[in-house]
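The values are calculated or read from the model by the stated rules, or taken from the named source; none is laboratory data. These numbers were taken from a predicted model, which means no experiment stands behind them. For neighbour counting, all protein chains shown are included, and Cβ atoms are generated from backbone atoms with ideal geometry for every residue, glycine included. Surface areas here come from the heavy atoms of the whole protein model, side chains and all, with no ligands, DNA or RNA. Shrake-Rupley method; radii C 1.70, N 1.55, O 1.52, S 1.80 Å.
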Number of protein chains: 2
Amino acid sequence: MPSSTATVSGLLDTIAPVGRDGATGGYRRPVFSHPELELREWFVAEAGRRGLGVEIDRNGIIWAWWGEPMPGALVTGSHLDSVPGGGAFDGPLGVVSALVAIDRMRERGVVPSRSLAVVVFPEEEGSRFGVACLGSRLLTGLLTPDAARRLTDRDGNTLADVFAGAGVDPEHLGPDPEALARIGQFVELHVEQGRGLIDLAAPIAIGSSILGHGRWKATVTGQGNHAGTTLMNDRADPVVAAAAIVGLISELARARDDARATVGRFEPQPGGTNVIASHVDFWIDVRHPDDSVTRGLVDQIAVEAAALAASYGCDARIAEESWSPTVGFDPALGRALAELVPGAPVLRSGAGHDAGILAARVPSAMLFVRNPSGISHSPEEFVERSDADDSADVLADVLAGLL
Amino acid sequence: MPSSTATVSGLLDTIAPVGRDGATGGYRRPVFSHPELELREWFVAEAGRRGLGVEIDRNGIIWAWWGEPMPGALVTGSHLDSVPGGGAFDGPLGVVSALVAIDRMRERGVVPSRSLAVVVFPEEEGSRFGVACLGSRLLTGLLTPDAARRLTDRDGNTLADVFAGAGVDPEHLGPDPEALARIGQFVELHVEQGRGLIDLAAPIAIGSSILGHGRWKATVTGQGNHAGTTLMNDRADPVVAAAAIVGLISELARARDDARATVGRFEPQPGGTNVIASHVDFWIDVRHPDDSVTRGLVDQIAVEAAALAASYGCDARIAEESWSPTVGFDPALGRALAELVPGAPVLRSGAGHDAGILAARVPSAMLFVRNPSGISHSPEEFVERSDADDSADVLADVLAGLL
């Protein structure tokens, strides 16, 4: 069985070309795009090489079983989709280290007392359909199948059509109590997306919680017109108004310790160079450890944005697209991990993860691997080869200890 | 011959569904897209119904001849492409009124002393390949064929491939002295794109000049990162910097009488909701009657944008994409039009037109038809049916008088 020689860094090398932009080095692996489907096939093949039984559930989540599927199993894994222009580790590191951790446990002669599954969640990033952790939200019932089916990507494809095209029947999407009951405990290993482990000079950390976060869509409406014939004083230009609101959002977030507010997607319509836009759609990502602060910040943004837009003759409206409250991971599982990874620091995650969604229903935990750039969702996201390889050993320690 | 009953409003009704967005009512007819090709075919058919001889020249310009092609002919016409989300009249009004003007002259028994051609220019708007008046620029040599062939649209298609797909051999693009010599005089009729004729309560105006205008591409570079894990103070967010620059541009333009500066296209990269962008591309359209003011304004924008970007830890660069100096139309031709359209006011155009490109090489003139909304490049662009129909009679008066 060749898998015994596999390393995390080696397996990551294998999939490195998939969905990579030759010019920027960034990845574009939206859920059920050709690159992401290629990674899913690759995962199924790697699971097969290890003799793991593979099934794809009604929500498109892949399960690879060491042992028979059973309630109360130990489950690990992550996701294979990426944000546009993302890095190589966000998602795949947790999937690959899970496969190699099974190799390591087998090499050590671990005999599991219960089954173990490696899972791959679809659309963790929400970069295609706008809802992050879509697979785990469907699984747990946090997102209704009707709402999911109606989601569309930027090209106007419905989620129903895209899932059907990938072989996942959209009519069967939805809460899956049987699948959920199989998760006795969930441990997700992930690249760190901040500077915590750099500052602590440590290779791996245990997660304590996930910051509450949400996405809001802002629409600023003005008066579309000709860029050459419309005098400045006759304009109600929604791009100018929306730009002022972007500045406002940044200032309001800076005024609150630990708040983060981001506009990463900004789309004037119709988007012509010589056209004063008729409206602008942009999206606001807001996070804070204290959910009431997040809510208060968004409320303030909405009120001040409307007033600011009005001063430009425009109208601004802000609508919630998704919201996840701050989630603490399971304390007992956290204590178990602290014993199994001695000396590991405990870090809070500013990023959302499927483990944060599952935490509301099953004992869940996370491990974070050092990222020397401190940068994520960017080609500069990085993990040292030795840290990547060691992550499988640490994960094997944790899984073997929990089995 | 059924064309004798044709009216401008009736013909515009015929083509109204082509490329119209059912939701917004706006048009999307980029050059050599399916809708624009459908309009070109429709034009060729209408020319054929009138017994006009049709040829397509090396730059993709359609010529429909009343009489044999000859040097020094009288030429009229406009374009059929639109900006994204544009109106129904910008371009088609001048093409349709030219066809109906020929009907009217024939009904009146006009016997031309020289040939007359109706032309359709490709890519007047520059909305697909970024260079406005592309056909007339190629014809006159203002744009080199090498530069043209290298242009790409948003989907990465080269102009060479798109033109080849529409049956225009890209190897043969370029200056066409023979075709240019056929234009003894050029008269373009166009919907007004401002409020001049509303204020004057007049249905049609004679153009005096076209404002100098240009397009500049701005690139603001920061540090891509994760929206959740990157603290506000650790950011170099190019969206926030670019938004501040958009506000700066608007302020600097307002500070100069008669200046217009517009950002209608703004593209954060990679454009993910939960991603701090790595850079933003946006385009600036700047116009002023005095070219030195336009140049000075752009220079000031470049200097102040760089300083502003630096204050956000970002870098801003501005590069010229196109530039057209202020163009006055032919004075003798203008006097002739003033006699042929008694009482018509004289207006300056804030918008660019193929007539403005041709004016550097051949005597050119324009007629503007009242637009009761004062709005253009928007679904709200409008022409009353009676004004549209009358425009063919006025154009027939002008052409008959010049023939």
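Quick notes
- Boolean, A:E46 is more than 19 Å from the chain's Cα centre (by Cα), closer than 22 Å to A:W66 by Cα and loosely packed, with under 12 Cβ neighbours inside 10 Å: no
- When residues of region A:235-280 are limited to those that are of a type in the set (S, T, Y) and closer than 30 Å to B:E125 by Cα, the one nearest to the other protein chains (Cβ to nearest Cβ): A:T273
- Identity of the residue in region A:138-160, on the phi < 0 side of the Ramachandran plot and out of contact with any helix residue (DSSP H, G or I) (no Cβ under 8 Å at 6 or more places or on another chain), that ends up surrounded by the fewest Cβ atoms within 10 Å (Cβ to Cβ): A:D155
- Qualifying residue in region A:73-80 (condition: within 14 Å of another protein chain (Cβ to nearest Cβ) and in contact (Cβ under 8 Å) with a residue 24 or more places away in the chain): yes
- All positions within region A:337-372 that are among the polar types (S, T, N, Q) and modelled with pLDDT under 95: A:S349
- Of all the residues in region A:232-242, those that are hydrophobic (A, V, I, L, M, F, W, C) and either surrounded by fewer than 24 Cβ atoms within 10 Å (Cβ to Cβ) or at pLDDT below 95 (or both) number 2.
- Given (1) within 24 Å of B:V187 (Cβ to Cβ); (2) out of contact with any helix residue (DSSP H, G or I) (no Cβ under 8 Å at 6 or more places or on another chain); (3) of a type outside the set (S, T, N, Q), index of the condition B:A365 fails: (2)
- Some residue of region B:281-295 being more than 9 Å from every other protein chain (Cβ to nearest Cβ), under 18 Å from A:A244 (Cα atoms) and assigned to a helix (DSSP H, G or I): no
Let's see how each residue does on (1) assigned by TED's automatic domain parsing to the domain that holds A:L134; (2) in contact (Cβ under 8 Å) with a residue 24 or more places away in the chain:
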{"position": "A:P203", "(1), (2)": "yes, yes"}
{"position": "A:T219", "(1), (2)": "no, yes"}
{"position": "A:L231", "(1), (2)": "no, no"}
{"position": "A:V239", "(1), (2)": "no, yes"}
{"position": "A:E251", "(1), (2)": "no, no"}
{"position": "A:A277", "(1), (2)": "no, yes"}
{"position": "A:V280", "(1), (2)": "no, yes"}
{"position": "A:W283", "(1), (2)": "no, yes"}
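- Among the residues examined, B:G10 qualifies as open to solvent by 10 Å² or more (accessible area, probe 1.4 Å) and free of Cβ contacts under 8 Å to residues at least 12 places away in the same chain.
- Per the listing B:V95, B:V75, B:V118, the residue uniquely crowded, with 19+ Cβ neighbours inside 10 Å, assigned by TED's automatic domain parsing to the domain that holds B:V383, within 25 Å of B:G26 (Cα to Cα) and modelled with pLDDT of 95 or more is B:V95.
- Candidates are the residues of region B:205-231 that are assigned to a strand (DSSP E or B) and closer than 30 Å to B:L116 by Cα; the one that is most open to solvent (accessible area, probe 1.4 Å) is B:S208.
- In the set B:D155, B:D146, only one residue is of a type in the set (D, E) and away from chain A (no Cβ under 14 Å); that residue is B:D146.
- Some residue of region B:20-40 being touching a strand residue (DSSP E or B) at 6+ places or on another chain (Cβ under 8 Å) and surrounded by fewer than 14 Cβ atoms within 10 Å (Cβ to Cβ): yes
- Selection from region B:152-200 of residues that are part of a loop (DSSP other than H, G, I, E, B) and at pLDDT 95 or above: B:A166, B:G167, B:V168, B:D169, B:L173, B:G174, B:P175, B:D176, B:R182, B:E192
- Scanning region B:288-310 for residues that are open to solvent by 10 Å² or more (accessible area, probe 1.4 Å) and touching a residue at least 12 places away in the same chain (Cβ under 8 Å) gives B:H288, B:P289, B:D290, B:D291, B:V293, B:V298, B:Q300, B:A302, B:E304, B:L308.
- All conditions in (1) more than 20 Å from the chain's Cα centre (by Cα); (2) open to solvent by 20 Å² or more (accessible area, probe 1.4 Å); (3) more than 10 Å from every other protein chain (Cβ to nearest Cβ); (4) over 25 Å from B:D299 (Cβ atoms) hold for B:A202, with the sole exception of (2).
- Residue check for A:S250: hydroxyl-bearing (S, T, Y), part of a helix (DSSP H, G or I) and either open to solvent by 20 Å² or more (accessible area, probe 1.4 Å) or touching a Leu at 6+ places or on another chain (Cβ under 7 Å) (or both): no
- Residues in region A:377-403 that are farther than 19 Å from A:S9 by Cβ, open to solvent by less than 30 Å² (accessible area, probe 1.4 Å) and modelled with pLDDT of 95 or more: A:V398, A:L399, A:L402.
- Within region B:253-280, the residues that satisfy the criterion of being open to solvent by 20 Å² or more (accessible area, probe 1.4 Å) and either under 27 Å from the mean Cα position of the chain (by Cα) or small (G, A, S) (or both) are B:R254, B:A255, B:R256, B:D257, B:D258, B:R265, B:E267, B:S278.
- Any hit, region A:315-333, residues being under 14 Å from A:T219 (Cβ atoms), in the same structural domain as A:H226 (by TED's automatic domain parsing) and in contact with an Asp or Glu (Cβ under 7 Å, 6 or more places away or on another chain): no
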